[in-house]
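Sending over a structure as structure tokens; questions will come in a sec.
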Amino acid sequence: MAGEYNGSSKASESVFKIPPIKFTKLFINGNFVDSVSGKTFEAIDPRTAEAITRVSEGDKEDIDLAVKAARQAFDHGPWPRMSGSERGRIMMKFADLIEENVEELAALDAINGGKLFSHCKAMDIPGAARNLRYYAGAADKIHGTVLKLSKGFQGYTLREPIGVVGSIIPWNFPTIMFFMKAGPALAAGCTMVVKPAEQTPLSALYYAHLAKLAGLPDGVLNVVNGFGETAGAAISSHMDIDKVTFTGSTEVGRKIMTAAAASNLKPVSLELGGKSPLLIFEDADIDQAVNIAFNAIFYNKGEICVASSRVYVQEGIYEIFVKMLVEKANAWVIGDPFDLRVNQGPQTGKKQFEKILSYIEHGKREGATLLTGGKRLGSKGFYIEPTIFTDVKVNSLENNYAIEEDMTIAKEEIFGPVMSLMKFKTMEEAIKRANNTTYGLAAGVITKNLNVANTVSRSIRAGIIWLNCYTAFDVDCPYGGYKMSGFGREFGLDALNQYLQIKSIVTPIHDSPWH
């Protein structure tokens with residue numbers, strides 16, 4: 001049983017007064033406008049499942065207008081033509097404005113996404129500013145290379161902005177995902193049409209307002225609220241969008257690739273689902289291992305693509321590990337995300353809330369042992385207890401070692417506070433089980449043995465491996481998926497290069513003294 005349920009408490013509201021919602025329309029060509037259809041939809045507070053406000057609902061016609069503005073700004077506007085240092089100066093101003101409004105922005109992600117206000121204020125919002133400053137610093141360092149060619153020719157390469165970028169972002173980290181894509185795209189000189197998740201549009205609209213104040217020219221950054229089936233599909237298939245970047249489910253990623261290929265064959269970068277393993281060896285510091293394992297799945301209520309939902313513990317420490325993990329779960333406080341005592345807020349929306357509970361029922365029916373949690377908390381809002389399953393069955397053995405999980409909860413991405421806890425005997429078994437998944441986004445290894453750490457980290461097929469830590473993200477460290485977790489990289493200069501094209505220029509050199 002989790003430690004506490006606070007609901008939407010008076011105590012939490014007295015700590016911070018939630019500000020009024022200022023921006024609810026679409027942001028196109030530097031202005032907030034109603035949708036062409038005039039339609040709106042509700043933005044929901046997951047603490048109560050009640051509406052916060054209504055926001056404009058964009059669809060194909062609105063995407064067309066936004067793309068037209070972005071195309072005009074790219075083809076004829078100043079943004080891609082100004083110096084990198086000038087773009088960087090505006091992006092620095094944008095970052096300053098974000099920091100000046102940190103409390104209001106943190107409140108929007110908390111009330112709209114169920115995220116902890118304290119975490120948003122200390123991590124997500126400042127992280128957005130850091131992201132902008134990182135890429136602002138890179139904007140004037142984009143350069144090609146000089147080529148020594150044969151047969152009396154000279155060549156060089158240019159790195160040019162790819163053009164109009166369609167950005168479709170998820171609801172679990174509305175702020176971080178917005179700037180994970182906007183930072184490098186803007187630094188490269190691209191213009192953008194951003195579709196925030198329909199569950200969490202409020203902070204994206206505020207960032208559009210701040211972009212205008214920072215001096216981004218009209219049309220450079222457009223934000224269109226809407227649903228994936230309409231606005232998202234229009235971006236994916238639009239003939240005048242030059243690239244699409246998407247973070248979300250593998251299922252939707254397939255649809256985006258299909259639409260991109262069927263339209264103008266635009267390049268796509270995808271950061272998709274995960275079923276990430278965490279391998280804990282017998283020599284690990286047990287206290288550290290328990291803390292890492294717990295936070296690696298229950299941080300952000302399990303709504304994180306790299307969540308280590310498969311935890312493998314070597315059999316020699318398994319029993320004590322289980323005992324300590326249960327103690328930690330029992331002390332975990334769930335409740336209103338504005339309450340500073342709370343460790344976990346509500347799931348972002350009703351659909352995801354019901355999906356998580358359905359997976360928990362799957363685990364019970366298929367015979368896993370429910371160690372802790374497994375239930376809804378309270379009578380309103382979308383709160384779920386931290387849930388840990390043991391005795392997760394396997395359906396194949398090799399040399400008496402389990403190599404393949406048999407249960408749905410250990411194979412499919414749940415995207416919620418649900419851990420499958422399993423034991424293993426040898427390093428070889430652990431590697432095989434870690435790799436026995438269609439996903440390959442992230443993994444973790446906890447051990448004091450350098451040889452084990454090196455072998456396992458090089459053997460697991462995933463885009464990022466954390467050794468004796470987890471979710472240790474940094475804007476300078478690229479990450480992305482293997483296999484069905486997608487392709488392309490976020491963060492670092494690798495992300496910047498995704499928004500640039502390489503052009504080669506070759507000219508003859510007559511009567512050169514050397515070639």
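The values are calculated or read from the model by the stated rules, or taken from the named source; none is laboratory data. A quick note: this is a predicted structure, and the numbers were derived from the prediction, not measured. We place every Cβ from the backbone using ideal geometry, glycine too, and count neighbours over all the protein chains shown. Note: accessible area is taken over every heavy atom of the protein model, side chains too, but ligands, DNA and RNA are not part of it. Shrake-Rupley method; radii C 1.70, N 1.55, O 1.52, S 1.80 Å.
Could you list all residues from segment 60-113 that are open to solvent by 40 Å² or more (accessible area, probe 1.4 Å), touching an Asp or Glu at 6+ places or on another chain (Cβ under 8 Å) and either in a helix (DSSP H, G or I) or closer than 30 Å to Q344 by Cβ (or both)?
Answer for segment 60-113, where residues must be open to solvent by 40 Å² or more (accessible area, probe 1.4 Å), touching an Asp or Glu at 6+ places or on another chain (Cβ under 8 Å) and either in a helix (DSSP H, G or I) or closer than 30 Å to Q344 by Cβ (or both): K68, S85.
I need the full set of residues from segment 1-47 which are open to solvent by less than 30 Å² (accessible area, probe 1.4 Å), part of a loop (DSSP other than H, G, I, E, B) and either modelled with pLDDT under 55 or β-branched (V, I, T) (or both), in order please.
N6, G7, S9
To keep it simple, each residue is scored yes or no on (1) without any contact (Cβ under 8 Å) to a residue 12 or more places away in the chain; (2) among the aliphatic types (A, V, I, L, M); (3) over 20 Å from M422 (Cβ atoms).
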{"residue": "S308", "(1), (2), (3)": "no, no, no"}
{"residue": "Q314", "(1), (2), (3)": "no, no, no"}
{"residue": "P337", "(1), (2), (3)": "no, no, yes"}
{"residue": "L357", "(1), (2), (3)": "no, yes, yes"}
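Is there any pair linking a residue in segment 480-509 that is without any contact (Cβ under 8 Å) to a residue 24 or more places away in the chain to one that is hydrophobic (A, V, I, L, M, F, W, C), with Cβ under 7 Å and at least six apart or on different chains, and which?
Pairs that qualify, where the first residue is without any contact (Cβ under 8 Å) to a residue 24 or more places away in the chain and the partner is hydrophobic (A, V, I, L, M, F, W, C), are G492/C477.
Give segment 114-148 a look and list any residue that's open to solvent by 50 Å² or more (accessible area, probe 1.4 Å) and not in a helix (DSSP H, G or I), or say none.
Of everything in segment 114-148, those that are open to solvent by 50 Å² or more (accessible area, probe 1.4 Å) and not in a helix (DSSP H, G or I) turn out to be H143, T145, V146, L147, K148.
Are there strands (runs of 3 or more DSSP E) fully within segment 225-298 with at least 3 residues that are within 30 Å of F424 (Cβ to Cβ)? List them.
So the answer is 277-280.
Starting from segment 96-118, take each residue that is free of Cβ contacts under 8 Å to residues at least 24 places away in the same chain and list its partners that are of a type in the set (K, R), counting only C-beta distances under 7 angstrom and pairs at least six apart or across chains.
A106/K121
Only one of these conditions is not met by D240: (1) more than 20 Å from the chain's Cα centre (by Cα); (2) crowded, with 24+ Cβ neighbours inside 10 Å. Which number is it?
Here D240 clears every test but (2).
Can you name every residue in segment 475-515 that is assigned to a loop (DSSP other than H, G, I, E, B), under 19 Å from the mean Cα position of the chain (by Cα) and closer than 23 Å to T145 by Cβ?
D476, P478, G488, R489, Q498, Y499
For T471, state whether it is open to solvent by 60 Å² or more (accessible area, probe 1.4 Å) and in contact (Cβ under 8 Å) with a residue 24 or more places away in the chain.
Taking the combined requirement at face value, the residue does not satisfy it.
While we're looking at this one, here's another question. Please go through segment 264-302 and pick out each residue that is open to solvent by 20 Å² or more (accessible area, probe 1.4 Å) and either aliphatic (A, V, I, L, M) or in the same structural domain as K243 (by the TED database) (or both).
N264, L265, P267, V268, I286, I292 - these are the residues of segment 264-302 that are open to solvent by 20 Å² or more (accessible area, probe 1.4 Å) and either aliphatic (A, V, I, L, M) or in the same structural domain as K243 (by the TED database) (or both).
Might you check whether a residue that is touching a residue at least 40 places away in the same chain (Cβ under 8 Å) and farther than 25 Å from G232 by Cα occurs anywhere in segment 159-172?
Within segment 159-172, one or more residues are touching a residue at least 40 places away in the same chain (Cβ under 8 Å) and farther than 25 Å from G232 by Cα.
Any idea which residue in segment 251-263 is surrounded by the most Cβ atoms within 10 Å (Cβ to Cβ), counting only those that are among the aliphatic types (A, V, I, L, M) and without any contact (Cβ under 8 Å) to a residue 24 or more places away in the chain?
The selected residue is M257.
In segment 359-384, which residue that is small (G, A, S), crowded, with 18+ Cβ neighbours inside 10 Å and touching a Lys or Arg at 6+ places or on another chain (Cβ under 8 Å) is nearest to P417 (Cα to Cα)?
G374
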